[in-house]
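Have a look at the structure below, then the notes.
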Amino acid sequence: MTGTARNMPWLQPAWDRFRGLLDRDRLAHALLLHGPEGCGKAELAKRMVHRLLCGEPAADGACGQCLSCQALASGAHPDAFMVTFTVNRNSGKLNKEIKIDQIRELINSLSLTTTISERKVALIAPADFMNRNAANALLKTLEEPPGNAVIILLAHQPSRLPVTIRSRCQSLNLAMPGAAVAEAWLVENQNMDAKLARESLQAAGGSPLRALQMNEQGLIALYHDLDAALEVMFSGKDAIAEVLSLVGDNAPDVTWRWLSEACARRLHAVQPHGQFAMDMLELQNKADRSRRLSRSSVRGDLLMRDWLIEWCRAGALARR
């Protein structure tokens, strides 16, 4: 994915606050960056890591030339640490949580002296997927942090983190850019046609980063085909087999988000009460639950078939 945090204007307020805290020597040992998926947290965190480790920082970030910056660019900086999902040795797939052994290894690394930078910097992403034991292990370090270490936690849903961890972090809340800002960024910085930018943003739920990624992956056409199929099914035609064939194994996480948003659009078009509204709300909740389950071993095709049957029933109710 192209683009950096430096040219994402909606991230500037959070960056300015970070810079202010750093310049006044008020930066805590732990930062919590939180906001919706696709808002640019990872890009901003990367810029922060570079700035914290840089030996000759510039006014707006890292210099990009010093030994530390070169080490980061090569992926071999001895004072930079990344904690994320690891590969399960048995299944060969990514684990669904961050485990205590990973946090213990990080704690041991942070306790060592620095090598080429003034401080050590760790990034935990997504921090809200630490299991309970991992979170408890990290808490002990946050209570007595190493003097030269900064830990950055990225979270889509900070409420999933224990209150004890959140209370020990400086919090930076990020939001999605407005539609006009997001479209302008895609057009001006990513050379995307304005019409395609609007369509991509609609498919991406307003996230310009996700819109860019989905466009690069060729998912925009799938979004339009699925949306059209849902409309046909809602009007009374049985097209479940066609939809299942259309979706296949394509990006189940994205597909379930589209189905959830389809329910939301229907909800906005009706009164907030009544059986149809209740059905739409239940279908939206079911899509959200299935999205989470899509990352597990549960058969996605069965979940999808059940959901589509309920969608057809809701359409029949709306036509009465």
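Derivation of every value follows stated rules applied to the coordinates shown; laboratory data play no part. No experiment lies behind these values; they were computed from the predicted model shown. Note: ideal-geometry Cβ built from the backbone for every residue, glycine included; neighbour counts use all protein chains shown.
Data table
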item	result
DSSP bridge orientation in the chain - percent antiparallel, rounded to nearest 5	10 percent
Dipole of the range 5-173, positive end: most advanced residue of 95, 7, 83 [Cβ charges, Cα centre]	95
Cα pair distances of the chain binned at 10 Å [whole percent]	5, 22, 28, 24, 14, 6, 1, 0
The range 69-88 versus the range 28-58: alpha-carbon centroid distance in Å	14 Å
Loop-resident sites, the range 15-46, for trypsin sites (Lys or Arg not before Pro), counting at most 11 other Cβ within 10 Å (DSSP)	24, 26
Environment charge of residue 217, counting only residues whose C-beta is closer than 14 Å and scoring Lys/Arg +1, Asp/Glu -1	-2
Long-range lysine pairs (8 or more apart or interchain), the chain, Cα under 26 Å	17
10 Å beta-carbon shell around residue 202, net charge (K/R +1, D/E -1)	-2
Distance in nm between pseudo-label sites at residue 282 and residue 60 (7 Å out along the Cβ direction from Cα)	5.4 nm
Under 13 Å, Cβ to Cβ, from residue 113 - net charge with Lys/Arg +1 and Asp/Glu -1	0
Added length on full extension, which subtracts the Cα-Cα distance from 0.36 nm per residue, residue 163 to residue 216	15.2 nm
Contour excess over end-to-end distance, with Cα ends at residue 237 and residue 131 and 0.36 nm allotted per residue	33.7 nm
